[in-house]
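*Asks:* So that we are looking at the same thing, I have put the structure below in structure tokens.
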Amino acid sequence: MDSLSAATSESFRLLFSGDTDLWVIIFTSFSVSIRAIMIAAPLAFIVAFLMAHLRYPGRRTMIAGFSAMQSIPAVVVGLTVYLVLSRSGPLGDLKLLFTHSAMITGQVLLAFPLLVAISHSTFQAADQRVWETAVTLGAKPYRAFFTLLHEIRFGLIAAFIAAFGRIIAEVGCSMMVGGNILGYTRNIPTAIALETSKGEFSQAIALGIVLLSMALFLNGLLAFFQGRGVMSS
């Protein structure tokens, strides 16, 4: 009990003393995940819009596929990216394995199906007259698209937050393709796993506090924007 109290006290000291190693890990985690979500979100919104507003062969299969892909384990995505980027893989010559680019790639693949599935539901629930009215009034397709995005912005923000929450907390994919390199690819989840396995809990608890605080904040935001989306519909 005393050792746990000492580790907890030390974790707060690390957080508030500006410990370099700790804050590099935090910065790496947020930097990688923010870039991944910013890459995944625009394309996911376009795909979700096309699935909601166009009728084409295989559409239902595509919708079901994205729904199913939400449950793919992070380690499976990590294994796939690892095999593709490894020396013997098709993209091995790019030497991207154990870099931020590899971590971003894995997180984009994790976030994309979730973004598409939630965004598709949001587009489906939107008032179809918004798109039809904009087109009828002579708006170009891209202008009508942005008008529709503004109308359903709260639902899309909720999708964005949910996807970001998933990728910043995942450990399997980042561990496999990032290599958990100190000062470079070590992020919050992989550092927590490593420090816990070593029996050194101070840094793990400090990073756990950061991750828990962020999760609570994101869940609060998610509830807020989902509520705004319901009220605006």
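FYI, it's all coordinate maths here, none of it is from the lab. Bear in mind the structure is a predicted one, so any value in this text is a computation, not a measurement. Glycine also receives a Cβ, built like all others from the backbone with ideal geometry; neighbour counts cover every protein chain displayed.
*Asks:* From largest to smallest, what semi-axes in whole angstrom does region 1-72 give when each is the square root of 5 times an eigenvalue of its alpha carbon gyration tensor?
*Replies:* Details: eigenvalues 411, 53, 11 Å².
Equivalent ellipsoid semi-axes, largest first: 45, 16, 7 Å.
*Asks:* Would you mind ranking His100, His53, His150, His120 by Cβ crowding within 10 Å, fewest neighbours first? Don't jump to the answer; show the numbers that get you there.
*Replies:* Numbers: His100 17, His53 14, His150 10, His120 23.
With the fewest neighbours first, His100, His53, His150, His120 line up as His150, His53, His100, His120.
*Asks:* To make sure I understand, if each residue's beta carbon is the centre and we count other beta carbons within 10 Å, what order do Thr105, Thr61 fall in, fewest to most? It would help to have the intermediate numbers written out before the result.
*Replies:* Numbers: Thr105 22, Thr61 9.
Sorted ascending by nearby Cβ count, the order is Thr61, Thr105.
*Asks:* Distances over 32 Å make up what percent of all Cα-Cα pairs in region 2-232?
*Replies:* Values: 8200 of 26565 pairs.
I get 31 percent for the Cα pairs in region 2-232 exceeding 32 Å.
*Asks:* At q = 0.11, 0.12, 0.26, 0.27 Å⁻¹, what base-10 log of I(q)/I(0) does the Debye formula yield for region 139-220 when every alpha carbon is treated as an equal point scatterer in vacuo?
*Replies:* -0.45, -0.51, -1.21, -1.25
*Asks:* Something else about it: Modelling each spin label as a point 7 Å along the Cα-to-Cβ direction, I'd like the Met38/Ala6 distance in nm, to one decimal.
*Replies:* The answer from the label model is 4.3 nm.
*Asks:* Sorted from largest down, give the three principal axis spans of the alpha carbons of region 70-141, whole angstrom values.
*Replies:* Computed over the Cα atoms, the extents are 54, 27, 18 Å.
*Asks:* Using the Karplus curve 6.51 cos²θ - 1.76 cosθ + 1.60 with θ = phi - 60°, what ³J(HN,Hα) values do you get for each residue of region 179-189, in whole Hz, with x for Gly and Pro?
*Replies:* x, 6, 7, 4, x, 9, 10, 6, 10, 4, x
*Asks:* Next question. Given a 10 angstrom Cα cut-off, can you work out which residue in Ile167, Ile188, Ile26 is the most mobile in a GNM of the chain?
*Replies:* Ile26
*Asks:* Suppose a student asked you for the relative contact order of the chain, using Cα pairs under 8 Å spaced at least 6 residues apart; what percent would you report? Walk me through the numbers on the way to the answer.
*Replies:* Details: 272 pairs, mean separation 70.6, N = 233.
For the chain, the relative contact order is 30 percent.
*Asks:* For region 82-201, what is the per residue volume of the convex hull drawn over the alpha-carbon atoms, in cubic angstrom? Please report the intermediate quantities before stating the final value.
*Replies:* Numbers: hull volume 17.2 nm³, N = 120.
Value for region 82-201: 143 Å³ per residue.
*Asks:* Taking the number of other C-beta atoms within 10 Å as the exposure measure, put Phe164, Phe16, Phe224, Phe49 in order starting with the fewest.
*Replies:* Numbers: Phe164 26, Phe16 9, Phe224 14, Phe49 21.
So the ranking, lowest neighbour count to highest, is Phe16, Phe224, Phe49, Phe164.
*Asks:* Separate question: Between Arg59 and Ala125, what is 0.36 nm times their sequence separation minus the Cα-Cα distance? Round to one decimal in nm.
*Replies:* Working: separation 66, 0.36 × 66 = 23.76 nm, distance 1.72 nm.
Between Arg59 and Ala125, full extension yields 22.0 nm more.
*Asks:* Something else about it: For q = 0.13 Å⁻¹, what log10 I(q)/I(0) does region 19-123 give under the Debye formula with an equal point scatterer on each alpha carbon and no solvent?
*Replies:* The calculated log intensity ratios at q = 0.13 Å⁻¹ are -0.58.
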